[in-house]
Structure formats: structure tokens, C-alpha cells
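Throughout, read-outs are computed from the coordinates displayed, never taken from laboratory work. Predicted model, so just to flag it, every value in this text is computed and none were measured. Here Cβ is always computed from backbone atoms with ideal geometry, including for glycine, and neighbour counts include all displayed protein chains.
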């Protein structure tokens with residue numbers, strides 16, 4: 001039987017909660033992919049929608065959304081899950097797991113997505129043109145004349 005450690009994060013509050021699921025609730029997650037949005041009632045979260053955002057296997061090998069299936073693969077990475085650059089432009093061949101949840105997956109990360117049924121997402125209101133034209137980067141304020149430093153130069157010459 002499948003058994004997963006589940007971490008559910010709420011971006012609105014910045015908090016996360018960890019728990020374990022097994023049995024039929026865990027079996028329902030097998031075959032799902034990263035980036036899918038599922039109903040939270042499968043995990044006991046009521047009517048919230050949750051997004052599968054990541055995970056790893058028992059050895060700590062991370063899942064990547066750009067690798068198909070649930071297999072382990074060596075791929076060349078420049079950033080993202082499973083690799084952090086130490087130098088600009090660095091690439092390295094790393095072992096990662098595919099985006100599909102399998103029996104070998106140990107931890108699954110979820111993000112809560114709150115959606116209200118029947119409403120479209122709010123769009124930003126039309127912006128009015130500014131009353132004052134924006135300042136250009138090339139326009140600089142007038143500079144003040146600088147005082148000459150002749151006293152120090154004279155002191156250096158005498159040494």
C-alpha cells in the first residue's frame with residue numbers, strides 16, 4: 001500500500017502543516033502529476049482546491065515538472081528544483097525524478113488555491129494617465145559647483 005508524507009502550505013498565511021496519509025486516500029494520488037489542481041476533500045481539507053507543487057522520493061531525489069513519467073533520470077540542469085547554481089551560467093548533470101506520483105514517492109508538497117465558484121478572477125482597473133509626465137533617466141538635476149581642493153595638493157608637494 002502507498003504511504004505518503006504530505007505537506008500542505010497556505011500562501012495567504014505563510015504557514016504549512018505536515019501529515020501522513022495511507023490507504024485509499026494515498027492510492028487516489030498515484031498517477032497524478034505536478035501542477036495538477038485537485039479537490040481538497042481527498043485530503044480532508046473541505047472544499048478547497050489544492051495544487052500539487054512538488055515532492056521527492058525516500059532518497060531525497062526531487063521531482064521536476066519538466067521530466068515525464070515517474071522515473072529517475074540524469075539531466076543537465078541550469079536551475080530550478082534539484083540544483084542551485086554556485087556560479088553564473090553553471091550547468092551540471094543531476095539525478096531527478098519525473099513529475100508523476102508513484103509508489104516510490106515519499107513526500108508530496110501541496111499549495112492551497114482558494115477559488116470561489118461562479119466568479120471570474122478580478123482584473124486590474126483601468127489606469128488613468130499620469131497628470132505629470134514621467135522624468136526621463138537622462139534628465140539629471142543641475143549640479144552644484146564644487147570647491148577646489150588646492151590646500152591638500154600644496155601640502156603633498158612640500159613633503
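Take the conditions free of Cβ contacts under 8 Å to residues at least 12 places away in the same chain and out of contact with any helix residue (DSSP H, G or I) (no Cβ under 9 Å at 6 or more places or on another chain) and apply them to residue 5. Does it pass? So residue 5 does not fit the description; no.
Condition check ((1) more than 22 Å from residue 98 (Cβ to Cβ); (2) touching a helix residue (DSSP H, G or I) at 6+ places or on another chain (Cβ under 8 Å)) across all residues:
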{"position": "10", "(1), (2)": "yes, no"}
{"position": "13", "(1), (2)": "yes, no"}
{"position": "18", "(1), (2)": "yes, no"}
{"position": "23", "(1), (2)": "yes, no"}
{"position": "28", "(1), (2)": "no, yes"}
{"position": "32", "(1), (2)": "no, no"}
{"position": "39", "(1), (2)": "yes, no"}
{"position": "45", "(1), (2)": "yes, no"}
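Taken together, the residues in the range 11-30 that are in contact (Cβ under 8 Å) with a residue 24 or more places away in the chain and loosely packed, with under 11 Cβ neighbours inside 10 Å amount to 1.
When the range 61-96 is limited to residues that are more than 18 Å from the chain's Cα centre (by Cα) and within 22 Å of residue 5 (Cβ to Cβ), the one that is surrounded by the most Cβ atoms within 10 Å (Cβ to Cβ) turns out to be 70.
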